[in-house]
Amino acid sequence: MANDQEKEAAARASLRFIKDGQVVGIGTGTTAAHFIQLLGELVKNGLRLRGIPTSDHSRQQAAALGIPIATLDECPQIDVTVDGADEVDPELRLIKGGGGALLREKIVASASKQVVIITDATKRVPVLGRFPLPVEVIKFAQAVVLRKIEALGASVSLRRQADGKPFLTDENNHILDCSFGQIADVEKLARRLSDMPGVVEHGLFIGMASVLLVANGSEIVELRASNK
Ligand code: 5RP
């Protein structure tokens, strides 16, 4: 099964977590885009919900499909969020932010009773760190933060768009992509990054995923977090 079909299959499997009348967090990325498409079909068929998108891009896709959009001010408590991930380890810790939406994604996940992560099989790793960890920084601080993260042993690059200009997040910040290789102590690294002045957020999502749905060929593997 092709990678994109696996993403679609994982997205389809997540639909059973969505119930009528709920507030639904809407993820970002190519896998989440499949979810949004399928959610749009449910709404067209009469499902009532309010969606909280994790990016401007996802908001545009959802709105174009007729999905009612709400803000966190209107709905600060989310019933269920469905989102993708760049890496998932056996404890359902994640690296996210490949699509640049990690800040809003983490805020939405933190406000959600249940977080369902949908991926294809390539995203499962025994140890996080093969994927460069995205760290969102305010522009003023980026050179200082870059040096500090390099001092932790990572090779760090400022994310750029195709035209060479720095990538801008929806909150108008920059992203440093930090290649650590295998991360030995995920919690410790998360703390150290959070403690750096100028770091807005990092892409380590710890203790946030409730359920992981991985499409592996035609099979869907479901894993549940032990603490949820
Ligand atoms: C965006 C994300 C995405 O969920 C992550 O990058 C996975 O994307 P895709 O489904 O396209 O592989 O964290 O910030």
Exercise. Working out 0.36 nm times the residue gap between K19 and S110, then minus their Cα-Cα distance, what length gain in nm do you get to one decimal?
Worked result: 30.8 nm
For this session: Arrange the peptides 172-181, 93-102, 137-146, 51-60 so that the one whose residues have, on average, the most other Cβ atoms within 10 Å appears first.
Result: 93-102, 51-60, 172-181, 137-146
Exercise. With θ set to phi - 60° and the Karplus curve 6.51 cos²θ - 1.76 cosθ + 1.60, what are the ³J(HN,Hα) couplings of region 212-218 in order, to the nearest whole Hz, using x for Gly and Pro?
Worked result: 10, 10, 10, 8, 10, x, 8
Exercise. Quick one: Debye curve from the C-alpha atoms of the chain, no solvent, what's log10 I(q)/I(0) at q = 0.13, 0.16 Å⁻¹?
Worked result: -0.74, -1.10
Seminar exercise, completed: Any residue on another chain or 5+ positions along whose placed amide H is under 5 Å from the amide H of N216 is listed here as V221
Problem set entry | Theoretical FRET efficiency, 1/(1+(r/R0)^6), r = Cβ-Cβ of I206 and L72, R0 25 Å, to 0.05 | 0.70
Exercise. Between N45 and V125, what is the FRET efficiency for a Förster distance of 45 Å, r being their Cβ-Cβ separation, to the nearest 0.05?
Worked result: 0.75
Problem set entry | lysines whose Cα lies under 19 Å from that of K148, excluding same-chain neighbours fewer than 8 positions away | K139, K188
Problem set entry | Test item: Cα-centred dipole of the chain, Lys/Arg +1 and Asp/Glu -1 on Cβ, debye | 220
Problem set entry | Share of alpha-carbon pairs per 5 Å distance bin for region 130-226, given as whole % | 2, 12, 20, 20, 15, 12, 10, 6, 2, 0
Exercise. Taking only Cα atoms, what is the 0 to 90° angle, nearest 10, from helix 3-13's long axis to the longest principal axis of the chain?
Worked result: 60
Problem set entry | Positive-end residue of T71, L47, Q61, charge dipole of region 31-74 with Cβ unit charges | L47
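Rule-based calculations on the coordinates, nothing more; no lab input. Here the structure is a predicted model, which is why all the values come from computation and not from measurement. As a convention, Cβ positions derive from the backbone with ideal geometry for all residues, glycine included, and neighbour counts pool all protein chains shown.
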